[in-house]
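The values are calculated or read from the model by the stated rules, or taken from the named source; none is laboratory data. Please read these numbers as outputs of a predicted model, since none were measured by experiment. FYI the Cβ positions are ideal-geometry reconstructions off the backbone, even for glycines, and counts take in every protein chain you see.
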Amino acid sequence: MLMVESGFVRGRKDAGLIPIRAALGASMVYHGLGKLKDESREQHGQMFEQIGIRPGKAWSIATGIAEVFAGASAVLGIFTRPAALAVLVTQAMAIAKVHAKNGYDITKGGYEYNVALMAIAAGLLVAGPGLFSVHEELECLAEGHGAKKLLRKARPNALLKALKYVK
């Protein structure tokens, strides 16, 4: 039996992605900016060196940039899937290098919070940004209106293909 979702049901489901994107985005921007502040670059770089990631300062800055990109992208709903991958990679490294030895419990320095971030990112990797996103608006602009929209859906141009690929 084929079920067709109404616009209301899809809109309601996609609206549910907004707080999810906001929570992940805010956390990632906060952690990324912490690594990029002038006064903490050296400290984070030394910490990276201590856990075997060299050159520590360069990797710390790269991680901070990846986290800020992932967070801003999640909040805005653009490049959501690449952002989700960035979260999965940074959090997997955080677990492997820092938190795993402490167990699951966050109050003991464990990886509980990292797993929650990864679960949110995995959900966005599967679902994409949803209807209420910058990406959706760009896609609508690239498709055009009327006959042009039908033609572009049938034979998408390079921009539309790229937008659909990184959704």
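What residue, of Leu125, Leu131, Leu138, is under 23 Å from His31 (Cβ atoms) and in contact (Cβ under 8 Å) with a residue 24 or more places away in the chain?
Of the residues listed, the single one that is under 23 Å from His31 (Cβ atoms) and in contact (Cβ under 8 Å) with a residue 24 or more places away in the chain is Leu125.
Test each condition in (1) hydrophobic (A, V, I, L, M, F, W, C); (2) closer than 25 Å to Leu163 by Cα; (3) in contact (Cβ under 8 Å) with a residue 24 or more places away in the chain for Ile61 and report the one that comes out false.
Here Ile61 clears every test but (2).
Residue under question is Lys13, and the condition is that it be within 28 Å of Leu124 (Cα to Cα) and not assigned by TED's automatic domain parsing to the domain that holds Thr90; does it hold?
yes
Residues in the stretch 59-67: is at least one surrounded by fewer than 16 Cβ atoms within 10 Å (Cβ to Cβ) and part of a helix (DSSP H, G or I)?
yes
Does Gly7 qualify as being assigned by TED's automatic domain parsing to the domain that holds Leu124 and either more than 14 Å from Leu117 (Cα to Cα) or without any contact (Cβ under 8 Å) to a residue 24 or more places away in the chain (or both)?
Working: assigned by TED's automatic domain parsing to the domain that holds Leu124: no; either more than 14 Å from Leu117 (Cα to Cα) or without any contact (Cβ under 8 Å) to a residue 24 or more places away in the chain (or both): yes.
Criteria not met by Gly7.
Failed condition for Leu88, given (1) in a loop (DSSP other than H, G, I, E, B); (2) surrounded by 15 or more Cβ atoms within 10 Å (Cβ to Cβ), with all others met?
(1)
In the stretch 145-167, what residues are of a type outside the set (S, T, N, Q), outside any helix (DSSP H, G or I), modelled with pLDDT of 80 or more and loosely packed, with under 15 Cβ neighbours inside 10 Å?
Step one: filter the stretch 145-167 for residues of a type outside the set (S, T, N, Q), giving 145-156, 158-167.
Restricting the remaining residues to those that are outside any helix (DSSP H, G or I) gives 145, 155-156, 167.
If we keep only those that are modelled with pLDDT of 80 or more as well, we get 155-156.
Result: Arg155, single match.
Given the conditions (1) farther than 20 Å from Ser27 by Cβ; (2) among the aliphatic types (A, V, I, L, M); (3) in a helix (DSSP H, G or I), which single one is not true for Ile53?
For Ile53, the exception is condition (3).
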